[in-house]
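The block underneath contains the structure these notes are about, expressed in structure tokens.
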Amino acid sequence: MLLGARASRIENQDAIDTCIVNMLGDPKEARAGIQEVHFLPFNPVGKRTAITYIDDKGNWHRASKGAPEQIIELCELKGDIRKKALEIIDDYANRGLRSLGLARQTVPEKSKESEGSPWEFVGLLPLFDPPR
């Protein structure tokens, strides 16, 4: 949940971001102990957000959340792991839930422009999104 909250911006007043950040005991936890270097806002093409940040030990990281298919591609999931993730997404959808994918990576080059290490798939976050 913490990685999802870090890849959120509550000042954007996005309902999903607000929901994720409010799942923390204290919304300030989302940025506690980190220094934000760069934030990639959601856009309809990439369908994800991402934050590059420095932790309290000086290590650089990225966290991303977004459309699960985009996150699966970002992490280059293959074989059984990819199949299982897609099955879970379908199961959530059959129960009326949307899904968000979560991923993380380290950035050993310590530059917001660098590719960083391979993205690691963290998991899927189910969300109830009532019909409008």
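Note on semi-axes √(5λ) of the Cα gyration tensor in Å: of the candidates (1) 32, 31, 13; (2) 24, 19, 12; (3) 23, 16, 14, the value calculated from this structure sits at (2). Given the C-alpha centroids of the stretch 101-132 and the stretch 25-93, what is the distance between them in whole angstrom? Cα centroid of the stretch 101-132 versus Cα centroid of the stretch 25-93: 2 Å apart.
The number of Lys pairs in the chain with C-alpha atoms less than 22 Å apart, excluding pairs fewer than 8 positions apart on the same chain, is 14. For the chain, the 222 nm mean residue ellipticity estimated from helices alone, with every DSSP H stretch of n ≥ 4 adding -39500 (n - 2.57) and the total spread over all residues, rounds to -7500 deg cm²/dmol.
By the beta-carbon count within 10 Å of each Cβ, the least crowded to most crowded order of H38, H61, fewest first, is H38, H61. Label-to-label distance for D56 and D80 is 3.9 nm, based on points extended 7 Å past Cα in the beta-carbon direction.
Listed values for the stretch 83-98 are Karplus-derived 3J(HN,Hα) couplings in whole Hz (6.51 cos²θ - 1.76 cosθ + 1.60, θ = phi - 60°), namely 4, 5, 4, 5, 5, 5, 4, 4, 4, 4, 4, 5, 9, x, 10, 8, and x replaces Gly and Pro.
None of the figures in this text is laboratory data; all of them are computed from the coordinates on show. Bear in mind the structure is a predicted one, so any value in this text is a computation, not a measurement. Heads up, the Cβs are rebuilt from the backbone with ideal geometry, glycines too, and the neighbour counts pull from every protein chain shown.
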